[in-house]
Amino acid sequence: MSFALTKLLKHTSTFRRQLPFILSLNQQHRLLSAQSPQHLFKPDKKHGSIHWKLERITAISMIPLVSATFIMGPNTLADVLLGVLLPFHVHMGFDACITDYFNPSRTHPLLCKVMVYTLHTSSTAVMLGCALFNYKDVGITEFIHRLWAA
């Protein structure tokens, strides 16, 4: 049984019920279950729903924010909100890509951990950079306004 599958199943409520079944499988069936663990336990209906709702709320909240910036012009509130929401939106998009295409149960777990660590580090650096740009320079909305006016 793979390390990633064991780690995943330890955090589920069905681990204790499924453990005798998993241990009784031969090595060939263990490899198959590590590649497709869906048949070992029933998926939770709420799994991923919070993440999905948070993605939608972030994307939908950016529409009136950008629209208000176009209508009212550059302002500090829009700079702060864009400095938080835009990096968070990009972070969630890349996180979904890593989860979908580099799942630790399908590829090397170490590669997935490195990618997630790199994503968190770069997202934190971008959010910090946006905050510094907003407070020590002209701000995101004023910069875009000047860029388009040039």
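The values are calculated or read from the model by the stated rules, or taken from the named source; none is laboratory data. Since the structure is predicted, the reported quantities are computational estimates derived from the model, not experimental observations. A quick note on method: Cβ atoms are made from the backbone with ideal geometry, for glycine too, and the neighbour counts reach across all protein chains shown. Keep in mind that these areas ignore ligands, DNA and RNA; they rest on the heavy atoms of the full protein, side chains included. Shrake-Rupley method; radii C 1.70, N 1.55, O 1.52, S 1.80 Å.
Once all protein chains are placed together, Ile144 keeps about 60 Å² accessible to a 1.4 angstrom probe. Rounded to the nearest 20, the size of the Cβ-charge dipole of region 52-137 about its Cα centre is 180 debye, with Lys and Arg at +1 and Asp and Glu at -1.
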